[in-house]
1. Given H placed on each backbone N at 1.01 Å, which residues far from LEU8 in sequence or on other chains put an amide H within less than 5 Å of it?
2. Percent relative contact order of the chain, based on C-alpha pairs within less than 8 angstrom and at least six residues apart?
3. Assuming R0 = 51 Å, can you tell me the calculated FRET efficiency for the pair TYR148 and LEU84, based on Cβ-Cβ distance, to the nearest 0.05?
4. What is the sum of charges, Lys and Arg at +1 and Asp and Glu at -1, for the other residues whose Cβ falls under 10 Å from the Cβ of GLY217?
5. Testing the spin-label approximation: label points 7 Å from Cα along Cα→Cβ at ASP5 and ASP37. State their distance in nm.
6. Give LYS119/LYS320; LYS107/LYS320; LYS161/LYS229 a once-over and call out the pairs whose C-alpha atoms are over 24 Å from each other.
7. Can you run phi through the Karplus equation (6.51, -1.76, 1.60; θ = phi - 60°) for the range 249-255 and list ³J(HN,Hα) in whole Hz, with x for Gly and Pro?
8. What is the sum of charges around SER227, taking Lys and Arg as +1, Asp and Glu as -1, for the other residues whose C-beta is under 12 Å from the C-beta of SER227?
Amino acid sequence: MTSSDTALVDLTQAKNFLHMDAASSLRVDAEHVGAGDGTTKIFTLDYTPIGGSLRLYVNGVLQTEMTHYTINGVTVTFVAAPTLNYPITASYDKTAADDTFEDFDDKLLERLIEAATKKAEDYTGRIFMQREITESHHGDGSKTLRLYKRPIVSVSSVSYKSIARSTGDGETVGFSLGYTPKSGSLTVYVDGVLKSTPEDYTLSGQVVTFTSAPSDGAELVFRFEVSLKLSQSYFEQIHIGRLIGTWLPGYEYVVRYVSGYGVDRDTTAALVPDIVLGCLICIARWYENRIDAKSQNIAGVGSVDYSAPDEVLSLWQPYKTELV
């Protein structure tokens with residue numbers, strides 16, 4: 001299990017901060033190896049035992065290596081085949097991976113890592129690991145549109161949502177939308193039923209062509225986005241998270257942009273070390289359950305405190321953006 005692509009720290013960092021030591025070995029208890037049939041002498045274990053740790057039993061009686069059996073990797077070879085229906089069980093130690101912890105600890109820490117990163121992003125109004133953000137904004141007649149997250153790496157597209165309506169007559173199959181929809185944004189409804197392409201219709205430029213004419217009086221609704229040209233004026237204030245344009249009332253604008261400090265965790269961590277430290281402190285406090293504040297339940301984890309201690313907020317404060 002690994003932490004998400006958007007998290008600022010990984011499991012190893014969190015465990016090191018919590019001073020959790022990886023296990024060098026794990027115990028396998030009462031593994032059912034098989035049952036005797038009076039003939040079979042060779043049986044296979046699930047894992048390779050650490051030398052000297054194997055305890056092998058036949059019908060509850062401890063067997064002695066070299067006297068009753070030999071072991072090679074996962075293969076046990078009996079000197080004499082175990083008696084019919086006698087159960088064969090084994091207990092032993094096996095080598096653990098370098099980063100082995102209890103599964104519950106991993107799952108819990110993964111949730112806390114993601115929660116801490118989200119808390120940092122919500123508090124500061126920034127994105128740390130670079131990713132594409134999609135935002136919808138209602139036009140209010142202003143000249144500037146304020147994006148929610150910083151820093152801005154690039155603007156992928158700006159468009160506005162549009163709706164075209166028509167009525168079927170039982171004969172016409174082609175309907176003009178008046179605008180060319182942005183690729184992948186068109187949805188078509190006939191009498192409230194969502195239609196599929198290319199089974200029910202095709203799109204060419206501004207024209208939707210149905211495979212069969214909608215019935216007389218059918219209500220046709222076309223929802224789509226219209227791309228706006230990304231002129232240089234959009235970027236005049238991009239460094240402070242604003243787009244310059246004419247944002248008309250009654251229109252809903254959709255902006256897709258890339259935000260974040262670094263494309264990978266190591267790069268990002270080097271640029272915002274105080275944010276990383278704050279996340280680690282939060283993870284440790286939540287893991288140890290030492291914050292007296294409001295908590296909320298997370299499925300599979302239980303009650304987790306989502307407040308951030310004052311020492312963390314003081315680390316994050318210099319990164320906090322103001323909605324101005």
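Each reported figure results from applying straightforward, stated rules to the coordinates on display, with no laboratory input. For clarity, every value in this text was computed on a predicted model and none was experimentally measured. Cβ placement follows ideal geometry from the backbone for every residue including glycine, while neighbour counts extend to all protein chains displayed.
1. THR117
2. Values: 634 pairs, mean separation 70.7, N = 324.
Averaging sequence separation for qualifying contacts and normalising by length gives 22 percent for the chain.
3. On the way: r = 72 Å, r/R0 = 1.41.
The computed FRET efficiency comes out at 0.10.
4. Values: positive: none; negative: ASP169, ASP191, ASP216, GLU219.
Charge balance in the 10 Å sphere: -4.
5. 4.9
6. Working: LYS119/LYS320 12 Å; LYS107/LYS320 30 Å; LYS161/LYS229 15 Å.
Violating the 24 Å limit, Cα to Cα: LYS107/LYS320.
7. So the J values, rounded to whole Hz, are x, x, 10, 10, 9, 10, 10.
8. Values: positive: LYS161, LYS182, LYS229, ARG256; negative: GLU225.
For residues surrounding SER227, the net value is +3.
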